[in-house]
Structures are given as structure tokens and as C-alpha cells.
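Chemist: Take this structure, written in C-alpha cells, and hold onto it; I'll ask about it next.
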Amino acid sequence: MVDNPTKIYNDYVRANLPNSMSYDTGTDRYDINNHSFFKFKNSNWYFNYISKYGYSAFSAYAVNGLEPALVFDFKGNYFRKSATDSTFGASITHAATTNATMVDSDGLLKWRPHNNLTKSNTFSTWNKSLVVAVDNAAVGPNGVANTASTVNFSTGSSHLYNLSTVAVSVGNKVTLAAWVRSDTITSLTFAINGRINSANNTTLEANLAVTSTWTLVSFEATVLGNDTGLFFVIGKVNAASPASQIGDLELYGAHFYRSDLGGMVNNPDTTSGYVPTTSSVVYAPRRGHHAYNGSAWVNEGILHESEARTNILKYSSDYTGVDWTKNGTTATASAGVSPSGLTDASLITASAITDEHRVYQNRPSAGTHNTFYTKSIYAKSGTANFISISGGSTSSGYAVFNLSTGVASSQANIQQATIEDVGGGWYRCSIHGTVASNFLVVNIGTTAANAVPQVNWLGAGETVQVYGSQWEAGATPSSYIPTASASATRAAETLTVPAANLPYDNTNMSIQIDGKMTYADSDNVNEVQPYYWILSGSNYITVRVNTSGTRTGQPNFLQRETTSGNDFVNGIPNAYTPDTNVPFNLASRHGSTFINGAHEGTLLTANTTPTNLPDLSSTNLTLGYNFMGTIGQFRMWSDDLTDVGITEAST
């Protein structure tokens, strides 16, 4: 690794860079500091320099003198395939069919990058009235020729529109945006029309200033009624729209997205809110997800959830309505700043009576399942420091949470309780279990004892702030799923690495992956599978975390081939402990005559019984196959790193 890349830049690159070459410090300086010149445009200078001064020529991703052919650095936003720089989209296929939430670098809970509008940059395919649109006819805002559309509005009634078929609920906030420039039009209307609900028609519009310079113009609106979709209209939509919209303009990159919560995270590929679409709505991967480490927000890489989840609660953040029953308490809306950054937290205040001080929601059809459930809520102490989450009684399972210390102080009749510090004094508290109950109940208390369910105490105005309740079938809390008048579902997502991008070798290979996993002890052999490279049940390579029997989190490294059989090495049974955001770093070496693994720098004992590697040369790899959490980095070598190498790689 380069010991001092800044010294190289200052002493050698600046002195030797010819005037005829451009040097983008915004890109290449980043690469120098973080990737040890691996992407430097004139590598001959670099290698001459390191030879002269004795530096190593390897990138930051090399291990034991071997460069990985495949690198997915989700934290550093760097991707490599076939030993060549690449991009996320060219390296990995991501699929998701619904929106989902994540945490941005500012610590706010936001929507993933997405675009609810199809045909985002082919305006000729939109519906048109007195409009002529020609695609790929102008230089776009990125300076690239033939990437923007030219549009002519011939009369004051001209407009074009496109339909988003994504359902919306009353109160949702949506943003319409596009890049616009014109030499003749100075004001342009963006508007929403309802698909089936006329309440969402022409009152939701804005007249936006247009200049001769490319400008990203946008308009945010609050949905006025439940609807199966919305139209994005550009141009005159009613008599109140300005009549000056006659002439030529240029358009680029229409996008239409949810902007409630803390807004939407920017697309790292466009460094803006624009997510390109063609024939389908796009829900982009949740790259750059951040977690709070107690003092700062840290980039954890890509947030990936392979399980679909449904929040069965209604009005998950509005505790003032009839869907939430209050016993010995009152609920006040908009009483504090929530994890979204908005003033939309509710204040729960204990009444000055001897009572069980609680809020709860009854979902009659929810308590009949016999699988794992998770009930959770964001909470922040006020004058009271304790809450409990339960099914309504101690026998239906509960835990008490100390909102001052961030500790689950007591629990009964559940499998696990977790509490996660999400910054700003807020904690996400959750219980996981199998006891059936029709209720999600939150009790508040000034002590741990009086927060226990079914305990009456004399209240005197004690308060706790709450936000974002969730009740889901599953063994762990998943990303927050906001709801209004009905339950809502976040679909599963997949990450597929095409076989053509994988450095397969029939003699030896090495693999490393790290991140943070959220899991519970479900007595499952395949509790967590960070990746799965499988051709058939008799031909695969995988790594898993095993919780079967007395194991709480045992790393297993496996390879299976038809004639060689099932070959594996195992870590200790309790290498990991079930929780949210459990750090892991796993590395393995796979050969036709060996397999071995390491985790967190702990080397296992090699298994030398294999006789063949499975032929996976034409097989895709699934990243995050059975996985809830974040992935920081994934690397592959068509080399044997040796035991020394996998120990280093897993550290």
C-alpha cells in the first residue's frame, strides 16, 4: 500500500503533469488518497515514482500481494470487475419493487433514491397536447450532446403529461422535478392531476422560473386524497396557468418521488435526486446508508434486506386518532423533531390518575400467527425515562427500555429485546417473540417497575416522545415502513452478480465480505447467508451464520461438488451474538484440494479433504442471499490468498 499518497501527489504528480493533460482533482485526488493510485490516469509515472522511493504498487484492496479482480466497496463507492474500474450498475444487478427507507449522511430517515415516473428522459413518448417533442436533440445539462429533448409549445394551452401508477395516500408529499432551459419561455407550469381522485387535480401546481441556463426546477405538493396514481403535467393545465408558455424549451431528466419523511437520498450515480427510468419505475439500491456510532453518523455501505416485510399497524406515526387507544395518557401531535428531521413526533403524557399509562393499537387478525414477530417504536425520553413494548400483558411478552441509558432493562416471555441508538436522544426499541397477541402496547413510566405492563401508578404529567411504530412478521426489526390508513409492505430486494463479472478459477479462489448483520437466534442452520454462489444443491460455494441447537452465531464456510461432496470448516458456536447491526468480517479460500476460513482475524483449521471445486464458471452469485443489514465490502480473487492472506483480509 502507498504509505503517503499526498506526498506522491505534491512531490511528483504536480511536478511532472504535462500541461496538455487535464487533471481532475475532484476525482483522481480522491482515488490517490483512498485507492492508492489504482485508478491514476498515467500509471507509468506512478510506478516510476514508487520504484524510486520504495513504495508498494498495490491498491488498498490487495491482500498478501494479490489484487482482487472483483471489488465492491460500497462505503467508498468504488467498483472493479475483471481487474478493471467499473460502476455499480455495470457490476451488480439490483432489483426492488417497492419503496423503502434508509438513513442519509445527515442522520435523517429518508426514502431510498427512486423515480415513480417511467420514460424519464423520452418526452416524445409522453402524452402531448399541441406539443412537438424530439428526443436526443440537444446538449444536456451534463454537457453531453444529444442527451436532452427539444420541446415546442405552440399555443398557450400546450402541455405534455405522463402517468405514475404508484399508489399514494392523503398527506403524502411528492416532488416533481426536471432540468429545463429556454431562450423564449420564462415561466413553466408543473402540476399534478389525480388518476381516479379529482381532489388531486389542478390546485396542485406551481409556475416555475425558466432561464437560458440549465436549471433543475422542482415543485413539492401534498396529496389531497388517496389515489391509484398521479399525472405529472408540464405546461398549461387550466385557466389560471400563465399564458406565456409559448415557444421552444429543452427538457432533461424528469423525476417524481416521495419527499415526506426527511426527503429522498440522492442517487450516488447522478449526485442528485434523479434516477433514470425507461419502461419501469426504479427503486434504486440503498447505498450510503448511515448508522449512529454514539457520536457521529457513519457510512455503513449498502442497506440490503432480502426479506419482504409488512407493517400491519395503521397510522404508524400518528398517535392522536382513534386507531390508537390511550389509557391514562394523552397524545399530542407535532410535539418534537423526529428521526426524519421534521416536527412530527408525538408527545405521550401521563394523566394525573392511578392507572396503567399506555397507548395501544388493536389489530384483530395479527395475533394468530405462530412465527416470529417484531414490534418496535422510536422513543425519546421526556420527563419519564422508561417505556415498555408488549402485547398488552406480561404473559404476552414484553421488555422495558431505559431511554436515558439505552439499555433494555428487563423482559419476559419473548426471545429477544433490542435497543438501537439512532441519534438525537432517540432510540429504536423492539421486542421479538412468538407469543400470539392482537395488540401492540407502549407503556410509559418514571421507573422501570411502573413501565411494566399492567402496573398502575400515579401519573403527574410525565412525558415521552414517540414516532414510527412497526409490527411485522419476522425475527428482527427491519427498516421503517410508514403507514397511514392501511398497512404497507416493503418488498424483498436482490443483488445479483453476473457470472461474466466473477473471477472463477477451477483450482483456487478467495472471497471476503464484511458489514453488519441484524439477526435473531431462530434455531436456523442458514440464519444469515451473506452470499450464495449456487449451480445446484450439489454444486455451490457459500458462507453462513448458523444458530441451530446451542449455537448463537457460528460462521460456516462451505463448498460442495458432486464428486467431492460437502466440504466445510466451522468457527466456534458463539462467535457472534444475535442483535441489530452485528459487525462481521469473513474471508475464505477455496481450492480443489482445500477449504479454509477466517473471521475477524481468527484463522480456522484448513480442511484438506476436497477433491474438486464446483464448476460455477457460468453461474451468477447472489449477494445478501439471506441477509438483513449492511454490506461494506465484497472482494474476490482467482488466487489462493493462503491462510496468512485470509487472516489479513478478515481483519
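Derivation of every value follows stated rules applied to the coordinates shown; laboratory data play no part. Model, not experiment: these values are computed from the prediction. Cβ placement follows ideal geometry from the backbone for every residue including glycine, while neighbour counts extend to all protein chains displayed.
Chemist: For the stretch 500-651, place one equal point scatterer on every Cα, skip the solvent, and apply the Debye formula. What is log10 of I(q)/I(0) at q = 0.12, 0.15 Å⁻¹?
Modeler: -0.43, -0.70
Chemist: Hey, another quick one. In deg cm²/dmol, rounded to 500, what helix-only [θ] at 222 nm does the chain give when every DSSP H run of at least 4 residues adds -39500 (n - 2.57) and the total is split over its residues?
Modeler: Numbers: 6 runs with 37 residues, N = 651.
Only helices count here, giving -1500 deg cm²/dmol.
Chemist: How large, in Å, is the stretch 114-284 by the Kirkwood hydrodynamic radius built from its alpha-carbon pairs?
Modeler: Details: mean 1/r = 0.0630 Å⁻¹.
Kirkwood radius, the stretch 114-284: 15.9 Å.
Chemist: Also: For the stretch 400-525, report the translational diffusion coefficient in µm²/s to the nearest whole number, using Stokes-Einstein at 25 °C, 0.890 mPa s, and a Kirkwood Rh over Cα pairs. Before the final figure, lay out each step's value.
Modeler: Working: Rh = 18.5 Å.
Calculated translational D: 132 µm²/s.
Chemist: May I pose another question? Give me the net charge for the shell around residue 344: Cβ to Cβ below 11 angstrom, other residues only, Lys and Arg +1, Asp and Glu -1.
Modeler: Details: positive: none; negative: 260, 318.
Around residue 344, the surrounding residues sum to -2.
Chemist: Note down the net charge around residue 265, summing +1 for each Lys or Arg and -1 for each Asp or Glu among other residues with Cβ under 9 Å from its Cβ. Could the numbers behind the result be given before it?
Modeler: Working: positive: 110, 112, 286, 287; negative: 104.
Charge balance near residue 265 sits at +3.
Chemist: Rounded to the nearest 0.05, what FRET efficiency do residue 217 and residue 486 have when you use their Cβ-Cβ distance and R0 = 25 Å? Let's see the in-between values first.
Modeler: On the way: r = 33 Å, r/R0 = 1.33.
In this case the efficiency is close to 0.15.
Chemist: Please compute the net charge surrounding residue 250, taking Lys and Arg as +1 and Asp and Glu as -1 over other residues with Cβ under 14 Å from its Cβ.
Modeler: Working: positive: 181; negative: 135, 183, 248.
Net charge around residue 250: -2.
Chemist: Taking the convex hull of the Cα atoms, report for the chain its projected area averaged over all directions, in nm².
Modeler: Numbers: hull surface 129.7 nm².
The Cα convex hull of the chain, projected and averaged over all directions, gives 32.4 nm².
Chemist: Among the aspartates and glutamates, which fall within straight-line cross-link reach of residue 375, defined as a Cα-Cα distance under 18 Å, with same-chain neighbours fewer than 8 residues apart omitted?
Modeler: List returned: 305, 307, 318, 323, 420, 421, 472, 521, 579.
Chemist: Taking 8 Å as the Cα distance limit and 6 or more residues as the minimum spacing, I'd like the relative contact order of the stretch 114-284 as a percentage. Can you show the working numbers first?
Modeler: Numbers: 473 pairs, mean separation 55.6, N = 171.
RCO, the stretch 114-284: 33 percent.
Chemist: Please compare each pair in 75/173; 314/380; 173/326; 81/516; 119/236; 81/110 to a cut-off of 26 Å on the Cα-Cα distance and tell me which ones are over it. The partial results should precede the final answer.
Modeler: On the way: 75/173 30 Å; 314/380 21 Å; 173/326 28 Å; 81/516 24 Å; 119/236 21 Å; 81/110 31 Å.
Over 26 Å apart, Cα to Cα: 75/173; 173/326; 81/110.
Chemist: Starting from the Cα of residue 447, step 7 Å along the direction of its Cβ; do the same at residue 270; then give the gap between the two resulting points in nm.
Modeler: Roughly 5.8 nm, to one decimal.
Chemist: First measure r as the distance between the Cβ atoms of residue 130 and residue 362, then evaluate 1/(1 + (r/R0)^6) with R0 = 41 Å and state the FRET efficiency to the nearest 0.05.
Modeler: 0.15
Chemist: Something else now. Using the alpha-carbon centroid of each, what span in Å lies between the stretch 559-603 and the stretch 415-463?
Modeler: About 38 Å separates the Cα centre of the stretch 559-603 from the one of the stretch 415-463.
Chemist: Give the peptides 299-306, 413-420 in descending order of average Cβ contacts within 10 Å, highest first.
Modeler: Details: 299-306: 22.8, 413-420: 20.8.
In decreasing order of mean packing, 299-306, 413-420 become 299-306, 413-420.
Chemist: Work out, step by step, the length gained on full extension between residue 184 and residue 299: first 0.36 nm times the residue separation, then minus their alpha carbon distance; give nm to one decimal. Could you put the intermediate results ahead of the total?
Modeler: Details: separation 115, 0.36 × 115 = 41.40 nm, distance 4.46 nm.
36.9 nm is the gain from fully extending residue 184 to residue 299.
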